[in-house]
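One structure below.
The values are calculated or read from the model by the stated rules, or taken from the named source; none is laboratory data. Predicted, not measured: the structure shown is a model, and the values here were computed from it. Please note: Cβ atoms are built from the backbone with ideal geometry, for glycine as well, and neighbour counts cover all protein chains shown. Each accessible area value is taken on the protein alone, full model and side chains, heavy atoms only, with ligands, DNA and RNA left out. Shrake-Rupley method; radii C 1.70, N 1.55, O 1.52, S 1.80 Å.
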Amino acid sequence: MPETSYAVLGVFETPDALMKAIPKVRASKLGTVEAYTPYAIHGIEEALGLRKSPLGGMVLVMGVLGAITALGFQYWISAIDYPIITGGKGAGSWEAFIPIMFEVTVLFATFTAGLGMLFLLNKLPFFGHPVLSSKSIKGITRDRYVLALEAESEAFDSAAAARALQAAGAIEVEALPAPDRSPFLTSDNILRALGGIFAACVVAGLAMYFATKWFPLLAPMKYMQDQPRLNAQKASTFFKDGHGMQQPVAGTVARGHLPTATGTQEEAASLVNPLPRTREVFATGRKVYTNRCEVCHGAVGNGVGSLTAAYGAKPANLQAQQFRDYPDGKIYWAIVNGKNSMPSHAPYLSEPERWAVVHYVRALQRAQNAKDEDLKVATR
């Protein structure tokens, strides 16, 4: 027997013989007891004294981490960095994130299971494992059951280990020499690995390039090239007018927005101001009115602006009873479409700014035509 051994193997004919031998061999306390079988044997982990594998817990933790990671990334993109309302759902609708969360959960869990088993638990890769080159390996992969006493230190007594295995019922005993533990990551091995990877990439790239050139219509490539789709800028036989691009259905309103008052002023009378009467809204309305309306309608909306008689047109007196009785929608319509000499302000004002001006005009009208209750509130 060699002076330095990795392990001593004992071959058993049946799984029952192996299970009966395990407590006897463990009692000898000559080394680490390991079993090699062609298939899983129920209860062998407990017999060998192996602790419960932590792999399940590792996979659970990393799976949960993957789900949280996917949720965080999607929420940041969809609800914070680039919010888009799709199908009427809120930007932070987590239900839409579930498919990607599932995929990332599986990704994290799978990599944890594979890499954790190989590198952390099984301590692999172990190139040149002595058992793979043993005489018993053929039996291990077919119908024999092997119990190994592995050396824990240089003081390992291989002869005593062989006797313990034979006493436990082993029909054959084999001593394995210690493997070569020279460093694997040498410069020579690294260069060879990089060269092999480079060669494989070149071969794979050339093979794919010529395959697509020689067989351009093979599935699934032909389905990607000839898929049924609507080209927006081209004609289409699907629609009666032959156009690929179609106008929205008449009367369509963007979700979350009121109609833009493109009909008649009477039709716009039904529109309701969606903005609340808050200090911020009135401040916006005052700013817009001062910049775009005061020059014609005056500071208090009485139609006396800073324009001279050379202007020619007569701005509307917004304090007149006619305009005080106007619904908000009619004033909004005039801002959007213009009226008489007043041009449209729609290109320059956003929808909230237009409605804010309507609120401010109402405030000017109320200020110049105060009611008794307004005076009572002012004197308190």
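Key figures
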{"read-out": "Accessible-area composition of the stretch 263-321, carbon plus sulfur, in percent [1.4 Å probe]", "value": "56"}
{"read-out": "In the stretch 66-139, trypsin sites (Lys or Arg not before Pro) in a DSSP loop with at most 16 other beta-carbon atoms within 10 Å", "value": "K123, K135"}
{"read-out": "Coil-residue chymotrypsin sites (Phe, Trp or Tyr not before Pro) of the stretch 89-187, DSSP, other Cβ within 10 Å capped at 16", "value": "F126, F127, F184"}
{"read-out": "Helix 158-167 axis, angle to the chain major axis (alpha carbon atoms, nearest 10°)", "value": "80"}
{"read-out": "Cα-based helix-to-principal-axis angle, 187-214 vs the chain, degrees rounded to 10", "value": "60"}
{"read-out": "Karplus (6.51, -1.76, 1.60) ³J(HN,Hα), θ = phi - 60°, over the stretch 23-29, in Hz, Gly and Pro reported as x", "value": "x, 5, 5, 5, 5, 6, 6"}
{"read-out": "Rg and Dmax of the stretch 139-215, Cα atoms only, in Å", "value": "23.9, 69"}
{"read-out": "Stokes-Einstein diffusion coefficient of the stretch 82-158, Kirkwood radius over Cα pairs, 20 °C, 1.002 mPa s, in µm²/s", "value": "119"}
{"read-out": "Long-range amide H partners of Y6 with built H, under 5 Å", "value": "L176, A178"}
{"read-out": "Cα-Cα pairs of the stretch 7-72 separated by more than 21 Å (percent)", "value": "44"}
{"read-out": "Evaluated at q = 0.10, 0.13, 0.14 Å⁻¹: base-10 log I(q)/I(0), Debye formula over Cα of the stretch 34-179", "value": "-0.58, -0.76, -0.83"}
{"read-out": "Carbon and sulfur %, accessible surface of the stretch 63-118 computed with the full protein complex present, 1.4 Å", "value": "78"}
{"read-out": "Cα-projected label distance for K52 with T252, points at 7 Å along beta-carbon direction, nm", "value": "5.9"}
{"read-out": "Exceeding the 26 Å Cα-Cα cut-off - candidates K89/K240; K52/K135; K89/K234; K20/K123; K52/K138; K52/K123", "value": "K89/K240; K52/K135; K89/K234; K20/K123; K52/K138"}
{"read-out": "The stretch 254-376 - Debye-derived log10 I(q)/I(0), Cα point model, q = 0.10, 0.14, 0.22 Å⁻¹", "value": "-0.30, -0.59, -1.45"}
{"read-out": "Degrees between helix 55-75 axis and first principal axis of the chain (Cα, 0 to 90, nearest 10)", "value": "20"}
{"read-out": "Listed values [x] 0.98; [y] 2.00; [z] 0.91, entry calculated as Cα Rg over 2.2 N^0.38 Å", "value": "[y]"}
{"read-out": "For the chain, accessible area per residue (1.4 Å probe, heavy atoms of protein chains only), Å²", "value": "69"}
{"read-out": "Longest exposed-site-free window of the chain, the sites being GluC sites (Glu not before Pro) in a DSSP loop that have at most 11 other C-beta atoms within 10 Å", "value": "4-151"}
{"read-out": "Charge-dipole axis of the stretch 19-145 as Lys and Arg at +1 and Asp and Glu at -1 on Cβ define it, positive-most pick from H42, F97, V131", "value": "V131"}
{"read-out": "Length-normalised contact order of the chain in % [C-alpha pairs under 8 Å, at least 6 apart]", "value": "19"}
